[in-house]
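Take a look at the structure set out below.
The values are calculated or read from the model by the stated rules, or taken from the named source; none is laboratory data. If you're wondering where the values come from, they're calculated on a predicted model, not measured in any experiment. Positions of Cβ are generated from backbone atoms using ideal geometry, with glycine treated the same way; all protein chains shown enter the neighbour counts.
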Amino acid sequence: MTDALARFRNKIIVTDVLNGLAKLPDNSIDCVMTSPPYWGLRDYGIPPTVWDGDPGCRHKWKPATVNSAREKRNAATKKAGGSAVRNNQLGAELGARDFGQFCVHCDAWRGCLGLEPTIDLFLKHMLAVFDEVKRVMKPTGTCWVNLGDSYAGGWGMKRVGRPSSGQANAIRVRSKSLCLVPHRFVIAMSERGWIVRNHIVWYKPNHMPSSTRDRFANSWDHVFLMTKQRRYYFDLDAVRVPHRSLPRQSANARSKTREGDLSRDVGADGATAFHPNGKNPGDCWTIATRPAAFAHFATFPEKLVETPIKAGCPRLVCKQCGAPKRDIRYRPPNPNAFAMNYRDAQAGKHLPGKKRLRPDEVKRYDDRAYSSKGGTYTVAPGCPCNRGYVPGIVLDPFAGTATTCVVAKRLRRNYVGFEINQRHAVLADDRLLNV
Ligand SMILES: C[S@@+](CC[C@H](N)C(=O)[O-])C[C@H]1O[C@@H](n2cnc3c(N)ncnc32)[C@H](O)[C@@H]1O
Ligand SMILES: [Zn+2]
Ligand SMILES: [Zn+2]
């Protein structure tokens, strides 16, 4: 089954995202890590593509117009030689924009993803892309999406000229308001059956300063972790981070532990085990953005991609059925044991009908709860095929300069990237050669 991927594996393919996805087989991708163009923020200077509408229609295009005096002024500036390409940072009001064109016969729109005249249309296109992502993802797969927000400019409330009737119900956002695009996107994804497992805050300690005086500067961005199924591949042990401090311990637990032996530590409430391999990194990630040389391409910092790939893409998958091979690095003591309290066990509370535990039972309980012998290394295959393994595969459908693929290669996973901009794809290939 993985052979159907042969012509995509470890390549950056210059294509429109929907064309690329359409060629991938069902249930073939282990992990998706991507950052689509944000709505209304930047013009990547890429060729327009046709979305929606009737594929059989002989489209006749009419520019989408915005009935605002500001837009008209901006359009005039643009004609007079003003910059057509703007790299607006979050918070900057949008200037001259190319809203694309609508077909006068059918519902098709021709333009660049992210430059749709309305939020609705952008979301519609994003959902079309992620419906396909869902199809190509394995049931065990994880999908990580970084999506930013923008503020409505003067055009936010204006009616957009469109031949069809869909405008009346368009989402309207008042000028100066956050458009809440990431929130709308993830709610729509949830309504379409995705399981939203995390809303991660990517905090940027080197965030852009803001000249705005009536709100706070934007210092973080959204990353969503979504899955197809309730059970999916996730290797928490691969991304644990060091504990900052020793846990507070109950008197009983303390009397049972040697100092400094983390594997024996039990939290004050007796329920919080301090995992010897480190703690769960949590859902707020502090990662500086890339230096200016890459900023123009909205390039991911490599660190932002590392955690999703290590946790969400298996190192190896079955050659035959594609099931992830599971690494069990550490078998922690019975977690229920930590939820119990030593004194409770002694009092026999955990054995219904018994007043007290016998000494050997207490010892067995102790061994389970406080043993440092939990750290067995075992590798359990995820399927019975026994046909050998290949690396798991990561997809970035908006590859840009291919940070996702670079990190995937460094972490010895396979990858495939789609990118519509030839210039970005050339840079991507250069970067990949040096990994
Ligand atoms: C936010 S950037 C991704 C940057 C990337 N994460 C990196 O680290 O370089 C979004 C990318 O999507 C590409 N893109 C925009 N529309 C596309 C489309 N319809 N099909 C494929 N790629 C598209 C843009 O050219 C841009 O490189
Ligand atoms: Zn048409
Ligand atoms: Zn198998």
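General remarks:
- For segment 113-124, the set of residues classified as within 13 Å of D52 (Cα to Cα) and crowded, with 22+ Cβ neighbours inside 10 Å consists of L113, E116, L121, F122, listed by residue number.
- Remark: A288 matches the filter, which requires a residue to be modelled with pLDDT of 80 or more and assigned by TED's automatic domain parsing to the domain that holds P36.
- L5 surrounded by 17 or more Cβ atoms within 10 Å (Cβ to Cβ), within 16 Å of ligand 3 (Cβ to nearest atom), at pLDDT 60 or above and closer than 30 Å to R413 by Cα: yes
- Residue match in segment 390-409 (condition: at pLDDT 90 or above, at positive phi and near ligand 1 (Cβ under 9 Å from one of its atoms)): yes
- Within segment 125-151, considering residues that are touching a strand residue (DSSP E or B) at 6+ places or on another chain (Cβ under 8 Å), of a type in the set (A, V, I, L, M) and surrounded by 20 or more Cβ atoms within 10 Å (Cβ to Cβ), the one nearest to D283 (Cα to Cα): V145
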